[in-house]
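Below is one structure, written out as structure tokens; the observations come after it.
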């Protein structure tokens with residue numbers, strides 16, 4: 001089953017506005033999702049860049065977002081917990097919260113993936129993408145992605 005992921009800031013396959021990148025305001029874009037199965041008990045979100053020269057770069061890790069939440073506002077604050085409920089993990093720089101697109105050269109693809117899970121996960125605040133993927137194994141009911149493009153101005 002697939003979730004539909006959207007952002008009011010950019011369309012799928014289109015450019016991510018500079019305000020959401022490292023050379024802008026470096027704030028998280030607004031995201032919304034729909035189509036979760038009724039058995040959904042929590043959501044997890046991973047944003048990453050598979051085009052980074054050192055391998056996939058993690059830009060955002062969120063988990064245990066309550067099942068009744070279907071969106072995140074622009075500019076989610078940095079910290080271990082979210083205002084809507086849930087936790088933030090570590091990005092590729094080892095810091096909590098969102099880190100915007102920051103390609104060293106060229107245009108990179110940025111994937112925002114949302115996972116509907118059958119339970120909240122028993123992992124601590126500040127988990128890595130790898131820890132989250134391991135904890136989600138066998139618990140994904142549906143998922144979807146939104147891909148945006150970015151190149152530094």
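Based solely on its DSSP helices, what 222 nm [θ] is calculated for the chain when runs of n ≥ 4 H residues each add -39,500 (n - 2.57) and the sum is averaged over all residues, nearest 500 deg cm²/dmol? Walk me through the numbers on the way to the answer.
On the way: 1 runs with 8 residues, N = 153.
Value at 222 nm, helices only: -1500 deg cm²/dmol.
Hey, for a label at residue 41 modelled as a point 7 Å past Cα toward Cβ, could you say which residues of segment 125-149 have their backbone N under 16 Å away? The answer is 135-142, whose backbone nitrogens lie closer than 16 Å to the label point. Enumerate the residues in segment 20-44 having an amide nitrogen under 14 Å from the point lying 7 Å beyond the Cα of residue 2 toward its Cβ. Zone members listed by number: 34-36. In plain terms, the residue of 19, 90, 137 with the fewest other Cβ atoms within 10 Å comes first and the most crowded comes last, giving 137, 19, 90. Take the Cα of residue 51, go 7 Å toward its beta carbon, and the backbone nitrogen atoms of segment 112-147 under 14 Å from that spot belong to 112, 147.
Semi-axes of the equivalent ellipsoid for segment 4-150, please: Cα gyration tensor eigenvalues, times 5, square-rooted, ordered largest first, whole Å. Don't jump to the answer; show the numbers that get you there.
Working: eigenvalues 105, 53, 40 Å².
Whole-Å semi-axes of the equivalent ellipsoid: 23, 16, 14.
Would you work out the relative contact order for the chain, in percent, from Cα pairs under 8 angstrom that are 6 or more residues apart? Intermediate values should be presented prior to the final figure.
Numbers: 393 pairs, mean separation 48.7, N = 153.
About 32 percent, as a whole number.
Each residue, residue 23 and residue 134, gets one label point 7 Å from its Cα in the Cβ direction; the gap between the two is 3.7 nm.
How much length is gained on full extension from residue 147 to residue 69, taking 0.36 nm per residue of separation minus their Cα-Cα distance? Before the final figure, lay out each step's value.
Numbers: separation 78, 0.36 × 78 = 28.08 nm, distance 2.10 nm.
Value of the extension gain: 26.0 nm.
In terms of surrounding Cβ atoms within a 10 Å radius of their Cβ, 108, 139, 59 rank from fewest to most as 139, 108, 59.
Each value in this text was obtained by applying a stated rule to the coordinates, not by laboratory testing. It should be emphasised that the depicted structure is a prediction, and the values quoted were computed from it without experimental measurement. No Cβ is skipped: glycine too gets one built from the backbone with ideal geometry, and neighbour counts run over all protein chains shown.
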